[in-house]
1. Which of the residues that make up segment A:217-237 are open to solvent by 40 Å² or more (accessible area, probe 1.4 Å) and more than 26 Å from residue A:410 (Cβ to Cβ)?
2. Checking the condition over 30 Å from residue A:321 (Cα atoms) and outside the structural domain of residue A:327 (by TED's automatic domain parsing), which residue from A:47, A:97, A:73, A:63 passes?
3. Report the residue count in segment B:17-41 for those that are among the charged types (D, E, K, R) and closer than 20 Å to residue A:354 by Cβ.
4. Within the group A:212, A:193, which residue is in a helix (DSSP H, G or I), open to solvent by 10 Å² or more (accessible area, probe 1.4 Å) and in contact (Cβ under 8 Å) with a residue 12 or more places away in the chain?
5. Are any residues in segment A:257-271 of a type outside the set (Phe, Trp, Tyr) and under 30 Å from residue A:377 (Cβ atoms), and if so, which ones?
6. Pick from segment A:352-409 the residues that are among the aromatic types (Phe, Trp, Tyr) and out of contact with any strand residue (DSSP E or B) (no Cβ under 7 Å at 6 or more places or on another chain): which of them is nearest to the other protein chains (Cβ to nearest Cβ)?
7. Go through A:199, A:137 for me and flag whichever is open to solvent by less than 10 Å² (accessible area, probe 1.4 Å) and over 17 Å from the mean Cα position of the chain (by Cα).
8. Applying the selection to segment B:50-93, what residues are within 13 Å of the chain's Cα centre (by Cα), among the acidic types (Asp, Glu) and open to solvent by less than 70 Å² (accessible area, probe 1.4 Å)?
Amino acid sequence: MAEIGHGGKEIVERILEPAEAAEKIKGLKAIPIRSQIANEVIDISYGWFTPLQGFMNKADADGVCRSTQLADGTVWSIPIIFDMTEAQISDYGIKEGDTVLLTYMDNPMAIFEIEDIWSYDMEDMCQCIFGTADQKHPGVLRTCGYKEKFLGGKITLVNRPKINPPYDAYFIPPLEMRKKFKEKGWQASVVHQTRNVPHTGHEWLMKGAWAQAYGGLPIEKPIVGVLVNAIIGAKRKGDYIDEAIILCQDELRKSGYFADYNHMTSLTFWDMRYAGPKEAIFHACIRVNLGLTHHMYGRDHAGVGDYYDPYDAHRLLQSIPKEKLNITPVYSMNWLYCPHCGEITNEGLCGHKKEWQKFSGTLIRSIVMDGVKPPRLIFRPEVFDLVMECAEKYGFGSPFVTDKYLENRTPVFSIEPLSA
Amino acid sequence: MAEEKYPINLWVNEERYDKLQKANLADMCAEKLAGMKVIQVFANDAQKDKILKVFPTAKFDTATTRSIELLPKKVKDAIFDKVIEKQNPDILDDFLSAY
Ligand SMILES: [Zn+2]
């Protein structure tokens, strides 16, 4: 049976088997790509980006900028574009109608059928997507750093990425994810978007969202689950290392704060654009493809600095009808510690406002940096121990990203020689 | 309205607690977040701006706690030692004069 993804389009993996791949790439010009593009090639090929079948042509990118939709009217909010300099295009002798081979780590990765070569006013694009052209905005900086020309056209993966441990267990593409949801019997599933090691504030965000997603469903057997979907991509110094994020999220289930029948952890490859409301829509699209019914949104989802009002994303989501974006947003109020209640509670629930002690991921990182183990009500001891283990095993002594980590870490995935 | 003051949280681990006890300053600790001991050193606007400039990893948590976070451990150790030395958490001007 066809799996229907975002925009009402069938999810189709665009992946060739090795023998066919070896045949198809013969004689193609090889063009190396950087990690951002490699991530997006995977997202396109496995269906995370359904209905996109490749990098955008000008009509789609322009539609995204002008009206948050593709040329065919499907809701889409972030341009997925392949950039190149004019000189590179001429050196490679690329023209519309050509088919080339994209390589990563010096090995064949994907076939790219170039349909459109185009350019765009990038300051205008930034204004449309980020609401600003300020170069201090990390998404603007990235977007304005693109080369001056863009190539649009279909992508077909010729070589499946080898996902390296400890990430391999968490690479669950859309079709496989939908199978898992069926096996688990989940009739509703809510996604937690994260780039963090969880503290109990996050844990309760998920637990609260689980209850919201349960709504009026029958409770005789467990039929609602939480999917942690960690965004794995470009890192900034001081972030938690990726290994700690993915393993610690899963630790909440392994240590019983959740259970097999209501919690799962997975990853999506994506370099965050910090586009706030527009990124919130984009996250919804990829989670529709993963088969989720509900999406958690806290305050300032995917925001940065003070570019966005904390509830801009919620308002934009509310303006899009369900038939155009088939996922139900679950808005979450903040969880905090109340010494009077002696527990983690919600700012919408507890009346001891004067006594509230709010905490953030940043505060917890500070506590960990001071060498202090927070109490279990704030940070689970199993998670703390695992963060420290990850620091030793993967982080060169630090649970946070350092220059040394960036230089020496094991890549999340590798593209190996094509074995036909 | 009084000028806003921004805390730097010096979380008290065993090593720091020993030092405080030796200096008879253990009473200076407050309890936060389900029993964690902390000493808060407060910065005014000018001090906050200087700290964020001198220590680029530091972050002012605008949204949740309105505190200055992510100072390197050795910087926080130095601030902590200054508190012990002066027997008082009001040491930031003194501490920042070296930068
Ligand atoms: Zn309370």
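1. A:217, A:218, A:219, A:220, A:221, A:222
2. Just a single option satisfies the conditions, and that option is A:97.
3. Start the filter on segment B:17-41 by keeping residues that are among the charged types (D, E, K, R), which leaves B:18-19, B:22, B:27, B:31-32, B:37.
So of that shortlist, the ones also closer than 20 Å to residue A:354 by Cβ come out as B:31-32.
Final tally of qualifying residues: 2.
4. Exactly one of A:212, A:193 is in a helix (DSSP H, G or I), open to solvent by 10 Å² or more (accessible area, probe 1.4 Å) and in contact (Cβ under 8 Å) with a residue 12 or more places away in the chain, namely A:212.
5. Of the residues in segment A:257-271, the ones of a type outside the set (Phe, Trp, Tyr) are A:259-260, A:262-268, A:271.
Correct list: A:259, A:260, A:262, A:263, A:264, A:265, A:266, A:267.
6. That would be A:379.
7. The unique qualifying residue is A:137.
8. Within segment B:50-93, B:69, B:77, B:81 meet the criteria.
The values are calculated or read from the model by the stated rules, or taken from the named source; none is laboratory data. Note that this is a predicted model, so its numbers are computed, not measured. Ideal geometry is used to build each Cβ from the backbone, glycine not excepted, and the neighbour counts take in all protein chains shown. Ligands, DNA and RNA are excluded from the accessible area calculation, which covers all protein heavy atoms including side chains. Shrake-Rupley method; radii C 1.70, N 1.55, O 1.52, S 1.80 Å.
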